[in-house]
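Asker: This structure is in structure tokens; I'll ask about it shortly.
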Amino acid sequence: MAQIIGGLGTSHVPSIGVALDRGLHDTPDWKPFFDGYEAGKQWMRDAKPDVAVVIFNDHGNSFFLDRVPTFAVGVAETYKPVDEGWGPRAIPDFQGAEDLSWHLVDKLVERHFDPLVCREIEVDHGLQVPMELFFGRPDAWPVKVVPIWVNTIQYPIPTPQRCWDMGRVLREAIESWPGDERVVILGTGGLSHQLQGARAGFINREADLAWLDGIATDPEHYRNMTREDYVEQFGSEGAELIMWLVMRGAMDAKVNLIHKHYHAPASMTGAGMVVLENAG
Ligand code: DHB
Ligand code: FE
């Protein structure tokens, strides 16, 4: 059976990709941010996964507000990085894990999740940036991907509990796949930020730091919070953090927090990551 060898959570702020494109990696503004990811990159090199299941949201690039699926799963052979307006980026296309994707879709439907199924779609910074943060800038990505989109853009967004439940089904689906793939699951988005309205620029360091530990040790707390709690504590766009619960729901109740990093501000956000392994 395929196995989940790690759960990772990370920010996906688009300016991280722009900083890499412009060679700003070692500038005083960015160096402390990128340095903190070295441990995560090394973990990934050692773990040698075959597939990354990436949980992220689209930001009006592949879905616009005229049609917003609550959940969507990619089943394509390849995914191009979408051009978000600055021209094509010098990163390779992403190879899909097509057969595993179809299996995940089948299991999700069997367990009463009914995602939009995407045979042809491009992926935005929500997937591009986490891949770059953990795999660097290779000529070809060392893993295949299963992209899973969660609506965190247009209300009503799914509940934290629903995201968690989806993670549990994904785990069951991955572990019932007859292949021997080593799978990492990436929950992306956050941490605290608000890009609009009266609280534009809002960052909550205290809540972010509590999150990075609590997602490992006390996920029930975050699973039981309401969507409104997320907006209040993390900002309207910081509510993207519900996507980390899909990852966490796919892990054991007890996990080891192997690496964590926090840096604020990165763009207009509190930014960070965790690497989790099942304790059992
Ligand atoms: C920004 C965009 C994002 O999708 C995000 O998660 C954080 C920040 C931004 O435009 O700064
Ligand atoms: Fe985002």
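Asker: Need at least 1 residues that are loosely packed, with under 15 Cβ neighbours inside 10 Å per element, so show me which helices (runs of 4 or more DSSP H) inside region 183-273 make the cut, counting only ones lying wholly within it.
Answerer: On the way: elements: 205-217, 219-224, 227-234, 242-249.
Those helices (runs of 4 or more DSSP H) span 205-217, 219-224, 227-234.
Asker: Restrict the check to region 171-183 and report whether at least one residue is under 15 Å from the mean Cα position of the chain (by Cα), under 16 Å from Val51 (Cα atoms), of a type in the set (A, V, I, L, M) and more than 15 Å from ligand 2 (Cβ to nearest atom). If you could, list the steps in order and put the result at the bottom.
Answerer: Narrowing region 171-183 to residues under 15 Å from the mean Cα position of the chain (by Cα): 183.
Filter once more, keeping what is under 16 Å from Val51 (Cα atoms): 183.
Pick out the ones that are also of a type in the set (A, V, I, L, M) and you get 183.
Then keep just the ones that are more than 15 Å from ligand 2 (Cβ to nearest atom); that gives 183.
Yes, region 171-183 contains a residue that is under 15 Å from the mean Cα position of the chain (by Cα), under 16 Å from Val51 (Cα atoms), of a type in the set (A, V, I, L, M) and more than 15 Å from ligand 2 (Cβ to nearest atom).
Asker: Kindly provide the set of residues from region 56-75 that are in contact with an Asp or Glu (Cβ under 8 Å, 6 or more places away or on another chain) and farther than 21 Å from Gly167 by Cα, ordered by number.
Answerer: Across region 56-75, the qualifying residues are His59, Asn61, Ser62.
Asker: Okay, next question. Which numbered condition in (1) more than 24 Å from Ser176 (Cβ to Cβ); (2) open to solvent by 10 Å² or more (accessible area, probe 1.4 Å) is the only one that Gly17 fails?
Answerer: With (1) more than 24 Å from Ser176 (Cβ to Cβ); (2) open to solvent by 10 Å² or more (accessible area, probe 1.4 Å) applied to Gly17, the lone miss is (2).
Asker: Taking the condition of being without any contact (Cβ under 8 Å) to a residue 12 or more places away in the chain and open to solvent by 80 Å² or more (accessible area, probe 1.4 Å), how many residues in region 67-96 meet it?
Answerer: Adding up the residues that qualify gives 2.
Asker: Then there's this: Here are Asp139, Asp114, Asp99: which of them is away from ligand 2 (no atom under 16 Å from the Cβ), among the acidic types (Asp, Glu), closer than 24 Å to Leu65 by Cβ and open to solvent by 30 Å² or more (accessible area, probe 1.4 Å)? Can you show your working first?
Answerer: Working: Asp139 fails: closer than 24 Å to Leu65 by Cβ; Asp99 fails: closer than 24 Å to Leu65 by Cβ.
Result: Asp114 is the single residue among Asp139, Asp114, Asp99 that is away from ligand 2 (no atom under 16 Å from the Cβ), among the acidic types (Asp, Glu), closer than 24 Å to Leu65 by Cβ and open to solvent by 30 Å² or more (accessible area, probe 1.4 Å).
Asker: Mind counting the residues in region 20-34 that are surrounded by fewer than 17 Cβ atoms within 10 Å (Cβ to Cβ), within 17 Å of Pro130 (Cβ to Cβ) and away from ligand 1 (no atom under 16 Å from the Cβ)? If you could, list the steps in order and put the result at the bottom.
Answerer: So the first thing to find is which residues in region 20-34 are surrounded by fewer than 17 Cβ atoms within 10 Å (Cβ to Cβ), and the list is 21-29, 31-32.
Cutting the leftovers down to within 17 Å of Pro130 (Cβ to Cβ) gives us 21, 25.
If we keep only those that are away from ligand 1 (no atom under 16 Å from the Cβ) as well, we get 25.
The total comes to 1.
The values are calculated or read from the model by the stated rules, or taken from the named source; none is laboratory data. Fair warning: this is a prediction, and the values are worked out from it, not measured in the lab. Reconstructed Cβ throughout: ideal geometry from the backbone, glycine too, with neighbour counts over all protein chains shown. Protein only, heavy atoms only, side chains kept; ligands, DNA and RNA dropped before computing areas. Shrake-Rupley method; radii C 1.70, N 1.55, O 1.52, S 1.80 Å.
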